[in-house]
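The values are calculated or read from the model by the stated rules, or taken from the named source; none is laboratory data. Predicted model, so just to flag it, every value in this text is computed and none were measured. Counting neighbours? That spans all protein chains shown, and the Cβs are built from the backbone with ideal geometry, glycine included. Accessible surface areas use protein heavy atoms only, side chains included; no ligands, DNA or RNA. Shrake-Rupley method; radii C 1.70, N 1.55, O 1.52, S 1.80 Å.
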Amino acid sequence: MNGQEHLYIETQGAYARPKEDGSIIISSSTQGPTAVQRMVARVLGIPMHKVEIDTVRLGGGFGGKEDQATPWAVMVALASQLLHKPVKMAMHRMDDMRMTGKRHPYSADFKIGLTKDFKIVAYEVTHYQNAGAAADLSPAVMERTLFHSTNAYFIPNVIAKAYSCKTNLPPNTAFRGFGGPQGKFVIEAAIVKAAESLGVSPAVIQKVNLVVDGDELSYGQILQQVEARNAWESCMEKYDYESQKKRVAAFNASNSRYKKGLAIQPICFGISFTNTMMNHARALVHIYHDGSVVVSTGAVEMGQGVNTKMLQIVTETFGIPNNRVRIESTNTLRVANTSPTAASAGADLNGKALQMACVALSDRLKAVAQKEYSDATIDLKEGMVFANGVPTDISWNDLVMKAFTQRVALSENSHYSTPTIHYDKTKEKGHPFAYHVYGTAIHEVTVDCLRGTYDFDSVNIVHDFGKSMNIDIDNGQIEGGLVQGIGWMTLEEIIYNNQGRLVSMRFRPIKFPIFIQFQKKSILSIWILKDMNWL
C-alpha cells in the first residue's frame, strides 16, 4: 500500500508576535494547539503559560496538521523571539508537499485458515510500516493498524505483528483512518485470496464471519451494540444486491472488452484515541448579562463542521437562536491541556464537555425562574421561559438579567473524560475504544480490459451513525472519506527517488480525484443507520 498526500487547501503556516514580559502569541494552522504550545515553550526555554496558541480554523487537515504543524510554529516563534518582531510563514504548495510526511505506506504478509463452512479460524499477519526518518506519530498509527487487523470479522485465533521501519523519507504521519485502513486492506486481501482458492465469492466468507454482540476481539475488547450484520443486510436489501449481481453477470457474459466488477466492503472502526490518557476535553461558556453567549472548547474547526455541532449543543440546551452564540477560536489560554482534534472524537469529547457546561448553567437559570413559578416545570426554548409547557412573560434576556442581579454565576468550565476505556500495553489487552461504528458499501466498476482504464459506476453505502448530530455534515464526511479513499487506492501515487526526494510534486502526476465529477455522475448513495431504522 502506497502513501497519500493530505492535500489540505491551506498549506502549513504560522504567525508569531511577541507580547509583554517575554510572552508570545502564535496563530498556528494546527490540529493540536497544546502540542505546539508545549514544543514552542521547550525550544524557547520559557514556561507554557507564556506561550499562547490561537487557532481560528484550518483550511483542511486530515491528520497532516496533528503533529507536523508544530515545526513551522516553532520556527516563527524562535525568529520572533530573536528579532522582537512579528514573523509569519506560509509554505509554498510544492515545498509543503516535499517536506511533510504522508499516509504511511505499508507492506504486509498474511496467512489465513478457514473451515469447510468458510468460518475463519486463524489469521496471521505481519505489517511493515514505512515510518520515514523519524517516529512522529508512527508508533500510534501502527498500534491502530494492529487493533483493526481483523476489520469487521470475528477470528478466534489471531497473531498480528507490526514493525515500524526507519527509512530515508520525510517522517510519515497521521492521516484519516490513522493506520486502520492499512490493517483492514490486508484482511480483505486475505479473504479475496481464500475465496479464489476455494472457488466462492468473497462475500460468502465476509458474511459468515461478521462480528456480533459478545464477540471478543484479538486485543480483548468485548463488542457491544454491534451493527455489522444489520448494516450488511440493510445494504443488500436497500440496494437490491441480488439484482445488481445478476445484471453485472449478464453484462460480463455479453461483453469481452469491458467487464464489470462488484465488491462488498464491510467496516468496523473503533472510536477513541488509542492512548487512553488523551481521551478528555474541556469547555468554557460565558453568558453575558445582555443574553449573548460565547463558547470556547478544544475542538479545532477544519472543515468537518465541529463548530456547527458545538453551536447546536448550545442553542438546543439554552433554547436560543444561533445569532445569540459565538464560537470562539481554539486558544490554549482559554482551554488548556487539549488533545488534538483527531481520532474521529472531536465532537464526542468537546461536545460532551460543552453539554455539561451548558446544562449546569441552564439548571442555575431554571432555578432563578423557579422562584417565580415555584410549582411549575421550567423549560428554556424559543428564547423564552416555559412553565409547564406554557410560555411565560420572561424572555431569555430577562432571565439572564435576573440571574445577574441575583449574583448567580453565568460562567462555567466543564471537564469530560471518556468512561470505561482502558488498555494495558504490557499485556496487550483491554478496552481501548468507547464504541465502534459499522457500515457496508457495494462498489460497482467497469474495466476497459484493453486500455486498463476503469470507471466507478456506483458506490452504495449504509453506515451506522447512532444518533447523528447533523445529517448534512455527517453525509459530507462519508462522501469526502469515500472519494479520498478511492483516490488513495486508484489514482494517487507518491513517488520518491533513491535519495528520498519526492518526485511527484505536481497535481497532474498524482491525479487527485475531483469530487464534482462524482456528483455529476451521481454514483454515490448513502443511507444512515439509526436505531435499526432508516432516516
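Taking the stretch 60-92 as the range and being open to solvent by less than 50 Å² (accessible area, probe 1.4 Å), out of contact with any Phe, Trp or Tyr (no Cβ under 9 Å at 6 or more places or on another chain) and under 22 Å from Glu493 (Cα atoms) as the test, only Gln68 passes. Determine whether Asp464 is within 28 Å of Ile264 (Cβ to Cβ), at pLDDT below 95, open to solvent by less than 50 Å² (accessible area, probe 1.4 Å) and of a type in the set (D, E, K, R). It is true that Asp464 is within 28 Å of Ile264 (Cβ to Cβ), at pLDDT below 95, open to solvent by less than 50 Å² (accessible area, probe 1.4 Å) and of a type in the set (D, E, K, R). Evaluating Gln304 against the criteria (1) out of contact with any helix residue (DSSP H, G or I) (no Cβ under 9 Å at 6 or more places or on another chain); (2) in a loop (DSSP other than H, G, I, E, B) leaves one unmet condition, (1). Of all the listed residues (Leu361, Leu333, Leu311, Leu354), the sole one being part of a helix (DSSP H, G or I), at pLDDT 95 or above, open to solvent by 10 Å² or more (accessible area, probe 1.4 Å) and closer than 14 Å to Leu284 by Cα is Leu311.
When the residues of the stretch 427-445 are filtered to those that are assigned to a loop (DSSP other than H, G, I, E, B) and surrounded by fewer than 18 Cβ atoms within 10 Å (Cβ to Cβ), which remaining residue is modelled with the highest pLDDT? Filtering the stretch 427-445 for residues that are assigned to a loop (DSSP other than H, G, I, E, B) and surrounded by fewer than 18 Cβ atoms within 10 Å (Cβ to Cβ), the one modelled with the highest pLDDT comes out as Ala434. Does Ser256 satisfy the condition of being in contact (Cβ under 8 Å) with a residue 24 or more places away in the chain, among the small types (Gly, Ala, Ser) and farther than 25 Å from Ala122 by Cα? Considered against the rule, which asks whether it is in contact (Cβ under 8 Å) with a residue 24 or more places away in the chain, among the small types (Gly, Ala, Ser) and farther than 25 Å from Ala122 by Cα, Ser256 comes out as yes.
Reported count of residues in the stretch 259-290, each being touching a residue at least 40 places away in the same chain (Cβ under 8 Å) and over 30 Å from Val408 (Cα atoms), is 20. For the stretch 115-138, enumerate the residues that are within 28 Å of Val192 (Cα to Cα), in contact (Cβ under 8 Å) with a residue 40 or more places away in the chain and open to solvent by 10 Å² or more (accessible area, probe 1.4 Å). Hits for the stretch 115-138 are Asp117, Phe118, Lys119, Asn130. Picking from residues in the stretch 317-330 that are farther than 16 Å from Leu365 by Cβ and in contact (Cβ under 8 Å) with a residue 12 or more places away in the chain, the one that is surrounded by the fewest Cβ atoms within 10 Å (Cβ to Cβ) is Pro321.
Whenever a residue of the stretch 406-422 is open to solvent by 80 Å² or more (accessible area, probe 1.4 Å), its partners that are modelled with pLDDT of 95 or more and of a type in the set (Lys, Arg), lying with C-beta atoms within less than 9 angstrom and at least six residues away or across chains, give the pairs Asn413/Arg282; His415/Arg282.
Would you confirm whether any residue within the stretch 247-265 is part of a helix (DSSP H, G or I) and charged (D, E, K, R)? Among the residues of the stretch 247-265, at least one is part of a helix (DSSP H, G or I) and charged (D, E, K, R), which makes the answer yes. All conditions in (1) under 29 Å from the mean Cα position of the chain (by Cα); (2) within 18 Å of Ala162 (Cβ to Cβ); (3) surrounded by fewer than 18 Cβ atoms within 10 Å (Cβ to Cβ) hold for Lys111, with the sole exception of (1).
Is there a residue in the stretch 132-155 that is polar (S, T, N, Q) and part of a strand (DSSP E or B)? Write out each step before concluding.
So in the stretch 132-155, the residues polar (S, T, N, Q) come out as 138, 145, 149-151.
If we keep only those that are part of a strand (DSSP E or B) as well, we get none.
No.
Scanning the stretch 268-291 for residues that are open to solvent by 30 Å² or more (accessible area, probe 1.4 Å) and either in a loop (DSSP other than H, G, I, E, B) or at pLDDT below 95 (or both) returns Asn275, Tyr288, His289, Asp290. Given the condition free of Cβ contacts under 8 Å to residues at least 40 places away in the same chain, aliphatic (A, V, I, L, M), touching a strand residue (DSSP E or B) at 6+ places or on another chain (Cβ under 8 Å) and open to solvent by 20 Å² or more (accessible area, probe 1.4 Å), answer yes or no: does some residue in the stretch 173-194 qualify? Checked against the condition, which is being free of Cβ contacts under 8 Å to residues at least 40 places away in the same chain, aliphatic (A, V, I, L, M), touching a strand residue (DSSP E or B) at 6+ places or on another chain (Cβ under 8 Å) and open to solvent by 20 Å² or more (accessible area, probe 1.4 Å), the stretch 173-194 yields no hits at all.
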